[in-house]
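The values are calculated or read from the model by the stated rules, or taken from the named source; none is laboratory data. The structure presented is a predicted model; accordingly, all values stated were derived computationally and were not measured. With ideal geometry, Cβ positions are generated from the backbone for all residues, glycine too; neighbour counts draw on all protein chains shown. Ligands, DNA and RNA are stripped out before the accessible areas are found, and what is left, the full protein with its side chains, is counted by its heavy atoms. Shrake-Rupley method; radii C 1.70, N 1.55, O 1.52, S 1.80 Å.
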Amino acid sequence: SVVATPDLDRRTFRVAAAACGTQPGDRLDVTLLDGGAKVASASALCGADAELYVASPKLWSPSSPHLYDLEIALVRGGRVLDRVTSYAAMRKFSTGSDRDGIVRLRLNDEPLFQFGPLDQGWWPDGLYTAPTDKALVYDIEKTREWGFNMIRKHIKVEPARWYWHCDRLGMIVWQDMPSGDQADRKPQWQDKNYFTGEEKQRTAISEACYRKEWREIIDALRGFASIGVWVPFNEAWGQFKTVEIAEWTKAYDPTRLVNPASGGNHYQTGDMLDLHNYPDPSLYLYDANRATVLGEYGGIGLVMKEHLWEPDRNWGYVSFSTPEQVTDEYEKYAAKLGELIGRGFSAAVYTQTTDVEIEVNGLMTYDRKAVKVDEGRIRKINEKICNSLNEKK
């Protein structure tokens, strides 16, 4: 495995490469390239990280998703035993206050309103498995075409190629931990205030399983530049020891932001307070020390009879009859969101990319054969929202 961790403040990449069967004295030679031209190089003994300094780094962002090439050689006694290629991106996810004192999400030290759809990654012919790589990238490409700059990957982990597509296309990812455990161990869900109840306890086996799998997910995905936020819990499902889990996540990967509990139960930990409200945006809690985000809203439903999973059992949070009506309602919600950005929201997630089985509240149908909104209007609306913080630095 190869993981290149960027440090924009120091203008360096820390490259960790795992190798098997090495001997004392074996080394890794690492070269960073841009369009075939050498930018930097470094060597390290196997087991140690190589550090590459880049004097004038080209930064990765949704508007300019620049990727450097990496070459890593395993060398013993002057002879190359193995060689692999990879890539790296220089970027920084952080938070900071704007001139009004509102804590904003930042990318490369600049405020950026992160706005994207809830993406569950379901497919009618494969459920959690996309039929082809072309299909896998299609949803990301459509999300970009619609003017979004972020995707919340909702309680699912995708194949590595999905994240690579996000890296090269310039799509920020909020990565959820899949929900787990039994429903009877779900605590009371308090979404309109900070949690005041008693967290339910998982069994020792369940807790150990969560910790093992969450760490494995982070280890598997930490090399992808597009991932900007880890989301350990969603709407209290399987939620336990929230402060401890959020602080562990931040300590384990300090290069990303941590959204401790999307939609509640809320604790003063991590990097953001995440509210859910359907169907329209609502700012009913505000955190002066962390970014306040709208982790879910929308869910505008439209039944398209020739594209249904089930003919008679379908729902959305609100329902309309034509794409024009859906787009009008979407625009109405966006106008309200725009007002709330000035009052404190720093990101928002619209539900959702596609219909999912009986959920008919997607921007396109479950089979991906029909878009359910006016794409031109949606793009203009979304681009305006994504650029809304340009004057609030």
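When only alpha carbons are used to place a centre, segment 116-180 and segment 316-368 end up 17 Å from one another.
Short to long, the 10 Å bins of the Cα pair-distance histogram for segment 193-294 hold 14, 46, 31, 8 percent of all pairs. Looking at the chain, the accessible area is 43 square angstrom per residue; that uses a 1.4 Å probe and ignores ligands, DNA and RNA.
Within the full protein context, the accessible area of TRP315 is estimated at about 90 Å² for a probe radius of 1.4 Å. Separation of segment 1-79 from segment 222-280 is 30 Å, based on Cα centroids.
Quick one: which of 17-23, 288-294 comes out on top by average Cβ neighbours within 10 Å, and what's the full order, highest first? Mind showing how you got there, number by number?
Details: 17-23: 12.9, 288-294: 20.0.
Highest-to-lowest ranking by the protection proxy: 288-294, 17-23.
The packing ranking of peptides 144-157, 342-355, highest mean first, is 342-355, 144-157, where packing means the average number of other beta carbon atoms within 10 angstrom of each residue.
With an 8 Å cut-off on Cα pairs and a minimum separation of 6 or more residues, tell me the relative contact order of the chain in percent. The partial results should precede the final answer.
Details: 889 pairs, mean separation 58.5, N = 393.
Across the chain, relative contact order equals 15 percent.
Entry note, segment 1-86: relative contact order of 28 percent, from Cα contacts under 8 Å with a spacing of 6+ residues. Shape class for the chain: prolate, because the ratio a/c of the largest to smallest gyration tensor axis (alpha-carbon atoms, square roots of eigenvalues) is 1.5 or more and a/b beats b/c. Modelled label positions at ASP7 and ALA204, each set 7 Å beyond Cα in the direction of Cβ, lie 4.0 nm from each other.
Which percent of the accessible heavy-atom area of segment 1-155 goes to carbon and sulfur, probe 1.4 angstrom? Here it works out to 48 percent. Using a probe of 1.4 Å, the accessible surface attributed to GLU213 totals some 80 Å² when neighbouring protein chains are kept in position. Taking every DSSP helix (H) stretch of at least 4 residues in the chain, weighting each as -39,500 (n - 2.57) and dividing the sum by the residue count yields a mean residue ellipticity at 222 nm of -7000 deg cm²/dmol.
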